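Okay, structure first, notes after.
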Amino acid sequence: MIQWFRSIIPSNSLATLYGLALDCAERRVLGDEVEIVIHAYDETNTRIRPDRIAKLIRDGGAGVVMLVGVQSNQFPRATDLARAFMDHGIQVVTGGFHVSGVISMLDGIDPDLDRARAMGVSLFAGEVEGRLDEVLRDAYAGRLKPLYDAMSDLPGLEGVPVPWLPAKVAHRTANGMTSFDAGRGCPYQCSFCTIINVQGRKSRHRSADDVEAIIRSNLAQGLRDFTITDDNFARNRNWEAILDRLAYLRRVEGLVFNLNIQVDTLCHKTPNFIEKCALAGVKAAFIGLENINPANLAAAKKRQNRITEYRKLLLAMKNVGIMTYAGYILGFPNDTEESILNDVEVIKRELPLEFLEYSA
Ligand code: SF4
């Protein structure tokens with residue numbers, strides 16, 4: 001577990017589950033006599049005290065703990081937390097990229113998942129839109145299933161309840177930033193990417209109306225900084241309608257908000273994409289540069305990354321005032337200490353980047 005006083009990136013999974021749960025509460029999916037109360041905690045910026053949460057649940061009558069957006073490096077910690085809640089007699093469901101990725105890519109075979117299963121943790125694979133009613137009803141009846149597998153049926157995103165977090169939760173990130181996904185799925189096939197195995201390669205997207213509603217409801221609670229968590233917003237098939245709507249809200253209604261996005265290295269080739277990003281309020285873009293060695297990029301099936309285009313992309317972003325932040329992977333088969341030092345010098349000389357973040 002890595003925890004900060006103020007974390008940087010807000011959890012979109014948490015916001016998505018909160019929005020869906022809020023919809024369940026409004027629709028009274030457990031019956032008119034049962035009120036559903038939701039509490040959201042992000043352990044990257046909040047100390048989790050299972051005994052206090054268990055007491056809150058007991059005092060409220062009944063409840064379930066949902067550990068959401070759990071990535072592979074977080075899964076052992078999530079299982080430790082699950083054990084602490086289960087020791088208090090609280091039911092636990094764990095979902096997120098680790099469960100979904102293991103079910104999708106490894107047929108569910110994983111010792112960490114085995115440990116959770118053996119403890120009686122219920123696992124959720126896939127996306128929960130359209131399925132939370134069932135999970136809540138099962139939890140209320142005390143009959144959670146060992147596995148909810150929604151991997152083969154990825155939901156459409158238009159018109160479904162949108163991601164949302166209360167301002168007091170969002171204010172635990174630096175700048176009070178919040179997040180939403182305007183779409184899921186990416187058409188590319190980078191070999192190291194789990195996203196395409198979990199969210200698929202087809203673009204599923206929210207409507208411009210949905211995105212406008214997200215912006216307005218957050219402005220109403222004083223939040224105006226957003227990360228759009230699409231792993232590749234440039235390949236969201238509805239990008240233009242969304243950006244046009246956001247630009248309209250800024251230009252005509254004078255609404256003030258800032259956006260961070262993530263894009264691929266060929267997005268500058270889509271006519272008007274970068275210009276419309278700037279008009280819509282995009283202030284920073286994260287770019288999966290990954291590497292500048294063509295042999296490494298080919299080995300990673302990242303063929304869409306062309307180093308000759310990197311500079312053009314970065315200059316196009318600079319021209320409209322969008323800050324660039326790139327991810328760079330060290331340790332590809334062709335990397336050596338010498339080649340890495342050489343590549344870094346080339347980057348410093350050739351690429352007008354603001355930030356480069358290395359991962360190995
Ligand atoms: S471009 Fe990004 S999101 Fe798409 S497959 Fe490659 S790493 Fe994954």
Output for the chain (equivalent-ellipsoid semi-axes, sqrt of 5λ from the C-alpha gyration tensor, Å, descending) is 36, 25, 18
With x for Gly and Pro, the residue-by-residue ³J(HN,Hα) of the range 9-17, computed from phi through the Karplus equation 6.51 cos²θ - 1.76 cosθ + 1.60 at θ = phi - 60° and given in whole Hz, is 9, x, 7, 6, 4, 5, 5, 5, 5
The aspartates and glutamates whose Cα lies under 13 Å from the Cα of LYS318, excluding any fewer than 8 residues away in the same chain, are GLU275, GLU354
In the chain the cysteines whose Cβ sits 4.7 Å or more from every other Cys Cβ are CYS24, CYS186, CYS267, CYS277
DSSP beta bridges in the chain: the antiparallel percent, rounded to 5, is 5
Excluding residues fewer than 8 positions from LYS312 in its own chain, the aspartates and glutamates with Cα under 12 Å of it are GLU350
For the range 12-149, the percent of all C-alpha pairs falling in each 10 Å bin, from 0 up to the bin holding the max distance, is 11, 45, 37, 7, 0
Residues whose modelled amide H sits under 5 Å from the amide H of CYS186, counting only those 5 or more places away in sequence or on another chain, are ARG201, LYS202
Packing-ranked peptide list from 196-203, 283-290, highest mean Cβ count within 10 angstrom first, is 283-290, 196-203
Amide H proximity to LEU147 below 5 Å, modelled H, separation 5+ or other chain, gives LEU123
Cross-link reach from LYS202 to aspartates and glutamates, straight Cα distance under 19 Å and at least 8 residues apart if same chain, gives GLU127, GLU129, ASP153, GLU158, ASP181, ASP230, ASP231, GLU240, ASP264
Hits in the range 282-304: amide N under 14 Å from the 7 Å Cα→Cβ extension of SER339, namely 291-301
What one gets for the range 164-203 as the Kirkwood radius, inverse of mean 1/r over different Cα pairs in Å, is 12.2
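We did not get these values from a lab; they are worked out from the coordinates using the rules stated. Keep in mind it's a predicted model, so treat the numbers as computed, not measured. Neighbour counts are summed over all protein chains in view; Cβ atoms, including those assigned to glycine, are modelled from backbone coordinates with ideal geometry.
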